[in-house]
Structures are given as structure tokens and as C-alpha cells.
1. Give VAL79, VAL39, VAL6, VAL44 a once-over and let me know the one that is more than 30 Å from GLY254 (Cα to Cα), touching a helix residue (DSSP H, G or I) at 6+ places or on another chain (Cβ under 7 Å), modelled with pLDDT of 95 or more and assigned to a strand (DSSP E or B).
2. Give the residues of the range 301-346 that are more than 16 Å from TYR45 (Cα to Cα) and either surrounded by fewer than 17 Cβ atoms within 10 Å (Cβ to Cβ) or of a type in the set (D, E, K, R) (or both), sorted by residue number.
3. Looking only at the range 62-86, which residues are farther than 17 Å from ASN9 by Cα, surrounded by fewer than 21 Cβ atoms within 10 Å (Cβ to Cβ) and either among the hydrophobic types (A, V, I, L, M, F, W, C) or touching a Cys at 6+ places or on another chain (Cβ under 6 Å) (or both)?
4. Could you run through the range 152-192 and say how many residues are under 22 Å from the mean Cα position of the chain (by Cα) and of a type in the set (S, T, N, Q)?
5. Specify the residue that is nearest to the chain's Cα centre (by Cα); the eligible residues are those in the range 193-229 that are charged (D, E, K, R) and closer than 22 Å to GLY339 by Cα.
6. Taking VAL232, is it surrounded by fewer than 23 Cβ atoms within 10 Å (Cβ to Cβ), under 19 Å from the mean Cα position of the chain (by Cα) and in contact (Cβ under 8 Å) with a residue 40 or more places away in the chain?
7. Under 6 Å between Cβ atoms, which residue pairs at least 6 apart in sequence (or on different chains) link something in the range 52-74 that is within 14 Å of PRO102 (Cβ to Cβ) and assigned to a helix (DSSP H, G or I) with a partner that is modelled with pLDDT of 95 or more and of a type in the set (A, V, I, L, M, F, W, C)?
Amino acid sequence: MQAQRVVLNARPGRNGEPVPENFRLEEITFSPDLTDGDVLVRTVYLSVDPYMRCRMNEDTGAEYLTPWQLSECVDGGGVGVVETSRCSSCSEGDVVTSFNWPWQTHAVMKGSGLQRVDPRLVDGHLSYFLGAVGITGLTALLGVREKGHITKGANQTMVVSGAAGACGSLAGQIGRLDGCTRVVGICGSDEKSKALVEDLGFSASINYRHEDMSARLKESCPDGVDVYFDNVGGAVSDAVIEQMNIGGHVILCGQISQYNKDVPYPPPLSEKMQEILRSRDITRERFMVLSYMSKAEAAACELSQWVKSAQIKVLETVVNGIENMGVAFCSMMKGGNLGKQIVKISE
């Protein structure tokens with residue numbers, strides 16, 4: 001059987017910026033004969049995500065992430081359809097998803113490593129299983145719930161960095177639904193700023209590339225910042241932390257501004273920032289969604305209901321074709337996406 005796959009062609013280096021040429025498209029031939037427990041899947045959508053930058057290094061710097069190997073097929077979040085099955089838990093026609101889906105047009109996979117999903121949960125939008133009703137949505141919802149400490153009626157203000165990205169765009173909407181009075185998003189373009197306010201219901205948005213961050217934060221958060229959903233790190237986060245209130249909470253979800261640098265994760269804060277956290281009794285705890293998977297099923301159901309009732313709006317940037325995986329990944333790393341970056345592989 002013929003298929004196409006994407007392999008890691010070269011590492012960008014620990015301080016290097018990834019380029020599409022770090023990936024290589026290959027034509028392969030494989031046997032579709034299955035052994036017990038196997039399924040043949042056709043890939044429909046693949047996900048590209050910031051954490052993948054760490055997997056491009058020889059050492060990911062995280063015990064729960066394995067590095068991609070040179071000239072080996074890359075993997076990540078994927079969703080597809082079972083075409084042939086020799087597994088009791090999967091039938092032909094089932095829609096299935098996995099965190100470890102190979103970047104291939106077709107693949108033989110172990111059925112035990114796949115999760116069957118019901119397209120009705122997402123009104124047929126299968127890509128949502130990689131975003132709003134998948135690991136991204138779970139990260140946003142459980143991050144807000146476990147680390148944000150939002151209380152309805154408490155007049156809290158929430159700030160989200162990377163707010164127009166896959167996770168941030170959901171986290172801000174969840175913060176509003178859970179009871180925050182004001183939700184302010186930080187992003188990198190006027191188009192994104194407009195989408196946050198007009199489409200997603202954020203109270204205000206700040207374009208960090210062209211606006212005075214400190215001044216705009218004071219203007220947008222007149223009562224200070226109580227909850228900060230941090231996807232970015234660096235100077236953006238420093239500006240937010242400076243305006244946080246006593247007893248505030250930082251949800252440490254991601255640090256995309258630091259992923260191309262040879263620094264530990266999470267990157268250490270300056271002494272000034274550490275002193276602000278100490279003196280104002282602000283929590284800043286690393287959040288890893290994999291530590292909360294016992295709550296995943298209930299959370300996915302809640303996300304599904306919000307999406308289907310349009311209480312949460314989903315933004316996606318979709319690129320077509322497995323040959324564009326590297327381009328889509330590098331664009332996402334530079335903020336070229338509005339919402340979740342998805343690659344469509346087949347119908």
C-alpha cells in the first residue's frame with residue numbers, strides 16, 4: 001500500500017528557529033496485512049502544537065516528552081477513520097484519535113492506543129477533537145479550574161497571553177463563563193485583537209507588538225489582574241505580573257516565547273518578578289493537563305455542550321495537505337494562526 005509520511009530531516013538546534021526544511025516528505029510502501037490488535041487508519045486531520053518544538057531537540061528537557069528521531073516519522077495529535085480492523089475495540093468506519101498519531105496519510109496502528117470518539121459531540125467537526133473538545137480544550141478548562149481559582153461574583157479580572165491561539169482563545173471564553181467580570185487578551189496583530197473582542201467576547205485586547213503593554217493593561221484592567229493564563233512568558237508575562245493583585249494566580253500553561261532558547265522549563269523569572277510573587281502572595285504553579293486525566297471525560301462533555309450551544313466559539317486556521325506540515329508548524333510557532341492550527345490530510 002502506498003502512503004506519504006513526514007520525517008524529521010534535521011534538528012534546528014537548541015537555540016535555533018525551526019524552518020520547514022527541518023521536515024521531509026517521503027513516499028512509502030507498507031503492507032496493509034494486519035495482525036491481531038491492529039487497525040488500518042486513514043488520517044483526516046493532524047495537529048501542530050508549540051510543545052513539539054521541544055521534541056525537535058535531542059533532549060526535550062521534559063521527562064514526559066520523547067524526542068523525535070532523525071529520519072523517523074514525526075507524530076502528535078491526530079484524528080482519522082478506521083478502514084480495516086483486527087481489534088475488538090475498533091470497527092471499520094469508527095472515528096478515532098490519539099496523542100501519538102504518525103504524520104502519515106495511512107498507517108497501521110495498535111487499536112489499544114486509539115480512543116474512539118463520537119462525531120455528534122462536535123456536530124461533525126472532527127478537527128475539534130484536536131482542539132476545543134480535545135487536549136487543547138482540556139488544557140484550557142482544567143487549567144482555569146485547577147489553578148485559576150475563579151469565584152462567581154468576586155469581580156475578578158483575567159488576562160490571557162497568546163489569547164488568539166488554540167488554548168488561549170478557549171481559556172479566555174472559559175474564564176468569562178466561569179465568572180470573571182473582565183477578560184483581557186494579549187495577542188500580536190490587529191486582526192487577532194478584533195477577533196478576540198468581536199467574535200469571542202473578550203472585554204478588551206492588547207496588541208503587544210504595537211501598543212504600550214503597561215499602559216494598555218492599566219487602562220484595560222482598572223482593578224488590577226487577579227488571574228493570568230500564561231501561554232507566552234518573557235517580557236509579556238513580566239508586564240502582566242507587575243499589575244497583579246495580592247492573592248492572584250498565574251496559570252503557567254506555556255512559554256512559547258522561550259521555546260527556541262536553551263533554558264530550563266519553566267524558564268526562571270527575574271529576581272524582581274520573584275519578589276512581586278512573594279510579596280503579593282501570588283501563586284505561579286506549572287500546569288500539566290496529563291496530571292488531571294481522571295477529570296478529562298467530564299470536562300470534554302462540558303466543552304462539547306458549550307461548543308454545540310455556541311457559548312464557546314471555535315477559531316481554526318486550516319492548511320491542506322500533508323506536504324504542508326512543516327510550513328504549518330513553523331507558521332504556528334511565529335503566531336501565524338488564528339485559533340487552532342490544523343492540517344487537513346483527507347476528507
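1. Values: VAL79 fails: more than 30 Å from GLY254 (Cα to Cα); VAL6 fails: more than 30 Å from GLY254 (Cα to Cα); VAL44 fails: more than 30 Å from GLY254 (Cα to Cα).
None of the others qualify; the one that does is VAL39.
2. Correct list: CYS301, GLU302, GLN305, LYS308, SER309, ALA310, GLN311, LYS313, LYS334, GLY336.
3. Matches in the range 62-86: ALA62, LEU65, VAL81.
4. Total satisfying the criteria: 4.
5. First pass over the range 193-229, keeping only residues charged (D, E, K, R): 194, 198-199, 209, 211-212, 216, 218-219, 223, 226.
Checking the rest, the ones that are also closer than 22 Å to GLY339 by Cα come to 194, 198-199, 209, 211.
On the way: LYS194: 21, GLU198: 22, ASP199: 19, ARG209: 22, GLU211: 25 Å.
Only one residue fits best here, namely ASP199.
6. Numbers: surrounded by fewer than 23 Cβ atoms within 10 Å (Cβ to Cβ): no; under 19 Å from the mean Cα position of the chain (by Cα): yes; in contact (Cβ under 8 Å) with a residue 40 or more places away in the chain: yes.
No.
7. Qualifying pairs under 6 Å: ARG55/TRP68.
Results for (1) in contact with a Lys or Arg (Cβ under 7 Å, 6 or more places away or on another chain); (2) at pLDDT 95 or above; (3) more than 21 Å from ALA140 (Cβ to Cβ), shown as yes or no for each residue.
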{"position": "PRO222", "(1), (2), (3)": "no, yes, yes"}
{"position": "SER257", "(1), (2), (3)": "no, no, no"}
{"position": "GLU271", "(1), (2), (3)": "no, yes, yes"}
{"position": "VAL318", "(1), (2), (3)": "yes, yes, no"}
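The values are calculated or read from the model by the stated rules, or taken from the named source; none is laboratory data. Quick caveat: nothing in here was measured; it's all calculated off a predicted structure. Neighbour counts are summed over all protein chains in view; Cβ atoms, including those assigned to glycine, are modelled from backbone coordinates with ideal geometry.
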